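For reference, the structure discussed in these notes is given below.
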Amino acid sequence: MIFDADVSVIAGGSNWTAWKRASVQYGAKQAVRAFALTVTDTADWAGKWDFMPGTEVQVMEGGELMVKGFIDKMTPSYEAKNHHVEIGGRSKGKDSVDSSVEHDKGEFRDKNILQIAKDLDKQNVGYKSELADSDMPKLEYFRINPHETVFEAIERIARKQHLLLIGQPDGGIKIDKGGTRRVNAPLIEGENIIGASATFDESDKHSEYKVKGQKVFGGNRKAISIIGTAKDKSVKRNRPKTLTHETATDEKDAKKRAEAHRDRQFGESVSATIRVRGWRDQNGQHYQPNTLIHVRSPLIKLDMDLLISDVNCTMDASGSFTSLQLVHPKALNSKSANASASDVWNPDFDNA
């Protein structure tokens, strides 16, 4: 069953409909959701469609919240017989992305990423997480960089710990790890897929990954020269890759970072773009980022679980559509049982 998009905007206590074009974008690696809307009005519209920048809005589809945020830009225009208004904006998480850090000390000790995010969230965006403490280990020491935004500071920690910062419909930002849940109906060639492409690319895969770093404290050679390694024997040529750890580390974390980078590079070697009709799947669910979805499409040589990375919903005179950017689960460090590397190319990982 195809569900045509029914887009409305709540602003200033009113519910606005009759949009001619609409788009909403969100993803597993996007801390904010974005929207763009266009209306054309032939009637006398003085005082109507007044969506000045800074206006708080809720973008709805079928009565469900897609984006809660603010308008960034409004562009009104007119021709002989038509008036147009184009508006674009982002979820309220944009204030965390755009705003510099305000913190008296500029440093933290023995805090985890969620604790630090909440302390830095002077814009009241709303950082949240359902992860266990073991997935968000405390940092011995963390210092804010000069002129850094709130998001940039939190993202540095997330990158080190292989976590994601995902923009939510309510405008908040969720701290999560690579997904293992399955929410949406499968994507099947000849049924709900109307266009598809896949890419298999080994250009960023390497035979060995080394992560170099140092500890915060300690002046001996072992403390200032830490190296973690991970090998991918599926790469037959000598193609080493060396990375520098952005923050303080130890041997265990350096090795974990090397392994995670190896897995991510493999995961990103397999990707797909799938286009379907409507903004919802066959079960009436919006497509959820960072969740598994099965793809069966012999023409692009895929019959496997992939992870939804990005979602782009559009509506215009031609209809409503969703374009899904999909990646191998390892690209987002998913530990899904169905995300084994043997699904594609059968790499031989050697962590010794």
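Derivation of every value follows stated rules applied to the coordinates shown; laboratory data play no part. Just so it is clear, the model here is predicted, and its values are computed rather than measured. So basically every Cβ, Gly included, is an ideal-geometry build from the backbone, and we count neighbours across all protein chains shown.
What shape does region 42-150 have by the C-alpha gyration tensor, where a ≥ b ≥ c are the square roots of the eigenvalues, rounded means a/c under 1.5, and otherwise prolate means a/b greater than b/c and oblate the rest? Verdict is prolate for region 42-150.
Compared with the direct C-alpha span, the chain from E56 to K122 gains 21.9 nm at full extension, assuming 0.36 nm per residue.
Listed values for region 157-166 are Karplus-derived 3J(HN,Hα) couplings in whole Hz (6.51 cos²θ - 1.76 cosθ + 1.60, θ = phi - 60°), namely 5, 4, 5, 5, 9, 6, 10, 10, 10, 10, and x replaces Gly and Pro. Close amide H contacts of K138 (hydrogens built in the peptide plane, cut-off under 5 Å, sequence separation of 5 or more or a different chain): none are found.
Counting only helical runs of four or more DSSP H residues, what would the 222 nm mean residue ellipticity of the chain come to if each run contributes -39,500 (n - 2.57) and the total is spread over all its residues? It would help to have the intermediate numbers written out before the result.
Numbers: 5 runs with 45 residues, N = 352.
Dividing the helical sum by the residues of the chain leaves -3500 deg cm²/dmol.
Between the beta carbons of S100 and D72, assuming R0 = 25 Å, the FRET efficiency works out to 0.85 to the nearest 0.05.
Considering only G88, Y26, I71, and ranking their Cα positions along the charge dipole of region 7-91 that arises from unit charges at the beta-carbon of Lys, Arg, Asp and Glu, the one farthest toward the positive end is Y26.
Annotation: the residues D41, D119, D281, D310, sorted from fewest to most other C-beta atoms within 10 Å of their own C-beta, follow the order D119, D41, D310, D281. Computed extension length for E64-S14: 16.4 nm, one decimal, from 0.36 nm per residue of separation with the Cα-Cα distance subtracted. About its Cα centre, the dipole of the chain is roughly 1420 debye, where the only charges are +1 on Lys and Arg Cβ and -1 on Asp and Glu Cβ. Using θ = phi - 60° in the Karplus curve 6.51 cos²θ - 1.76 cosθ + 1.60, the 3J(HN,Hα) couplings for region 4-10 round to 5, 5, 10, 9, 9, 10, 9 Hz; x is entered for Gly and Pro.
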